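Please treat every number below as a calculation from the coordinates, not as lab data. Predicted, not measured: the structure shown is a model, and the values here were computed from it. Quick reminder, even Gly has a Cβ in these numbers, built from the backbone with ideal geometry, and neighbours come from all protein chains shown.
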Amino acid sequence: MTDCTAESEGMHYEGNCIRPPSEAFSILLQVTVGCSHNKCTFCGTYKDERFSIKDDAIILSDILFASRYMKRQDRVFLMDGDSLIIPQKRLVWILDRIKEHLPWVRRVGGYANAKSIKMKSPEELRVLREKGLGILYLGVESGDDETLKKIRKGTSAENLIRMGHKVREAGIKLSVTVLLGIAGRERSLEHARATGRLLSEMDPNYVGALSVMVIPGTPLYEDFEKGGFTLLSQREFLLELREMLANTHLTRGLFFSNHASNYLPVKARLPKGKEEALKLIDGALSGKVDLRPEWMRGL
Ligand code: SF4
């Protein structure tokens, strides 16, 4: 997470700005502030921010700044929480301005959620694809409905699968994140299996498995403090990852758990690389492969 409260020269960043690890070298264009959902119990990123769409003039000013100083970056990532929620006309306008002023950009990406995908028709998504929107990042967290309800994700596994298909059918790449440990110790197994099932049905291009961290100020943290939520041990995290991966059948997706929050970096192109990745996890479980020490974990 990058704290960009202080306005940097040229780009008008506000509040906490986050982007997926794979967008580290992209032009980070903030088009919304906060998240339109802002209810997930584990997420503290935008807790104090009211969701808003930034002014066209500010967005254009940032695009013009990028056109002068970011000529080597050929990807744009639209921040914050879920840029897909922007009404179609305005989003098309933003993509057109990117094309006009940053003609070297090959791909535009952004976060989406089940609601923002639902609000776009298949035809609208196809138009966005034609205008350069090449990838959407969707926080799935779990395929277990009970867990989704508990963490207030505001959607069901079935709906997430449908929304995932809608994105892919429009020709937009789909990258999803799932959250190891989010169901606590009690539902770890159900969460791992149901998430594997969801991923298999959804068949996204990329899956990032992150490990949950309890962030002070979030409802999950309060629950944790009161003893209502049990954080998994290192070993339990690995067992959950193993079960999830074993139950995930992708036609050609990349499954990785190399985020800074994870104990064991895993990267596997499925279906071919699955056996090797499972062996690596087994190696860590038997103590033959070193784990990332606690102090090196972070968001
Ligand atoms: S949808 Fe994403 S950004 Fe919004 S509250 Fe949930 S986890 Fe946080």
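Key figures for this structure:
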{"item": "Cα gyration tensor of the range 150-299 - equivalent ellipsoid semi-axes, whole Å, descending", "result": "24, 21, 13"}
{"item": "Charge sum, other residues only, whose C-beta stays under 14 Å from Arg107's C-beta, Lys/Arg counted +1 and Asp/Glu -1", "result": "+4"}
{"item": "Distance histogram in 5 Å bins (all Cα pairs of the range 186-270, percent per bin)", "result": "3, 14, 22, 22, 19, 11, 6, 2, 0"}
{"item": "Calculated over the range 237-283: convex hull of Cα atoms, volume per residue (Å³)", "result": "60"}
{"item": "Ser211 long-range amide H proximity, modeled H, under 5 Å", "result": "Leu180, Ser261, Asn262"}
{"item": "Protection-proxy order for peptides 277-284, 226-233, 32-39, each taking the mean of Cβ atoms within 10 Å per residue, highest first", "result": "32-39, 277-284, 226-233"}
{"item": "Mean separation of Cα contacts under 8 Å, 6 or more apart, over the residue count of the chain: relative contact order %", "result": "13"}
{"item": "Interatomic Cα distance distribution for the range 1-156, bins of 10 angstrom, percent", "result": "11, 41, 35, 11, 2"}
{"item": "The chain: antiparallel DSSP beta bridges as a percent of all, rounded to 5", "result": "20"}
{"item": "Computed [θ] at 222 nm, deg cm²/dmol, the chain (DSSP H ≥ 4; -39,500 (n - 2.57); rounded to nearest 500)", "result": "-11000 deg cm²/dmol"}
{"item": "Those lysines that a straight Cα-Cα span of less than 28 Å connects to Lys131, excepting residues fewer than 8 apart in one chain", "result": "Lys54, Lys71, Lys89, Lys99, Lys115, Lys118, Lys120, Lys166, Lys173"}
